[in-house]
1. Based on the alpha-carbon gyration tensor of the range 230-353 and its eigenvalue square roots a ≥ b ≥ c, which shape applies: rounded if a/c is under 1.5, prolate if not and a/b is larger than b/c, or oblate?
2. If I stretch the segment between Phe204 and Lys177 completely, what's the gain in nm (0.36 nm per residue apart, minus their alpha carbon distance), one decimal?
3. With each label point set 7 Å from Cα along the Cα-Cβ vector, what nm distance links Tyr3 and Arg69?
4. Could you give the C-alpha radius of gyration of the chain expressed as a fraction of 2.2 N^0.38 Å, taking N as the number of residues it contains?
5. Please give the direction-averaged projected area of the C-alpha convex hull for the range 97-200, in square nanometres with one decimal.
6. Distance in nm between label sites at Lys223 and Lys256, each 7 Å beyond Cα in the beta-carbon direction?
7. Using 10 Å bins from zero, what percent of all Cα-Cα pairs in the range 30-189 falls into each bin?
8. Could you give the accessible area per residue of the chain, probe 1.4 Å, as a whole number in Å²?
Amino acid sequence: MTYEELKREMARQKEEMTAKERMEAYNRGEEVDYQPYTLQASDPAMADIFGFTTTQFGTDFEVKSEVIRRKKEEFGLDSFNVGLGLKTIGGALGSVLKAPEHGIDYVEHHVLQDYKEFDRLELTDPYTNPVLYRILESAKRLKDRFPDISMTTSVAGPLSTAIAVRPVDLVLKDTIKHPEMLHKLLDLVVDCSLKWFEAFHNEFGAVGTNFSDPVTCMDVISKKQFDIFSLPYMKKLIDGTNAIMGSRPGAHICGKTSPIWSDLADAGLFSFSIDNCEDLETAKQMVGDRMRIAGNVPPVDVMREGSIDDVIASCIECMKKCGDNPAGYILNTGCQLPIGTPKANVEAFIYAARKYGRGARMGRLPKGLEDA
């Protein structure tokens, strides 16, 4: 399909529901106009598509507002997230963060090089910590600017937050050499995350939440390390979030995760975004009755490097595999939407959700797949 053909086809598509109406009806088990969809951590890529750098998006309120507005108008992404990135709590605790003009931030210097310095770390307060306070104030301004658009918030998972405080090689060694101190560090960073959710609830009431924890994948740690150093703190984060917000969070973990799917469902995770290296149908069979599944169009090979037809075919494949998930399914990318993704491929993703996801309902394949 050419881009001109795609635009003509999309012009014929009519939305019958708003994103909020669609999601509420889908959650009630009703048939909706088409498959609910999202794009994983899309803000950097969206800023790029609209002609802005990631630094402009992160620091300029008007640029951020423009990206939110155009995401809704051009792509139907009727929500925005104001949360903490993978390294934010590390920065709030004293790590030095750096960000290129157009790219992803990184830790230049970790605050906790030696556990002798651990007692200097203090539980972060979003109302007094300068790093967190700026983000909270930005959320207030954005909600005033966009009162009718749903706002969510997020944090990093326990282990991924820990490596923003202490270098990843030392954290992995800590699992053997300093397990007691690593437990203390993980307790602290989860408490910091929950303090953020408490402040957000105080300002905005109950909102949707999620966390990303790439370090927890089985490509980085073992199942034994997961059981001891990740799962208990994920459970603490999930239970604490539910106590604050009245709902359980969703999560995304990059890489291989199938050995821990049952553990995540047992821990009470509401939804799980699965990397494209794993199989949606297998996930549905293993945990689909206990956990909503999202995924998993390949972000690089398909969304950034593929053709319009590649994107459409991948979306169809994902919906065929998991569109009838008993606990529900969200069409999504397998990981963060990469900077450099063409606008045409984002539009192809949406076109496929609308056409082939037509007549979606929880636990049943979309009627639109009959046309595939």
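The values are calculated or read from the model by the stated rules, or taken from the named source; none is laboratory data. Computed from a prediction, not measured in an experiment: that's the story for all the values here. Cβ: placed from backbone, ideal geometry, glycine included. Neighbour counts: every protein chain shown. For the accessible areas, the whole protein counts, side chains as well, though only heavy atoms, and no ligand, DNA or RNA atoms are used. Shrake-Rupley method; radii C 1.70, N 1.55, O 1.52, S 1.80 Å.
1. Values: a/c = 2.17, a/b = 1.84, b/c = 1.18.
Judged from the Cα gyration tensor, the range 230-353 comes out prolate (a/c at least 1.5, a/b above b/c).
2. Values: separation 27, 0.36 × 27 = 9.72 nm, distance 4.22 nm.
Extra length from Phe204 to Lys177 when fully extended: 5.5 nm.
3. Between Tyr3 and Arg69, the label points sit 2.4 nm apart.
4. Numbers: Rg = 20.2 Å, N = 372, 2.2 N^0.38 = 20.9 Å.
Dividing the Cα radius of gyration by 2.2 N^0.38 Å gives 0.97.
5. Details: hull surface 31.3 nm².
Over all viewing directions, the range 97-200 projects a mean Cα-hull area of 7.8 nm².
6. With each label point 7 Å from Cα toward Cβ, the separation is 1.1 nm.
7. Per 10 Å bin, starting at 0, the Cα pair percentages come out as 9, 34, 30, 18, 8, 1.
8. On the way: 15790 Å² over 372 residues.
Accessible surface, normalised per residue, equals 42 Å².
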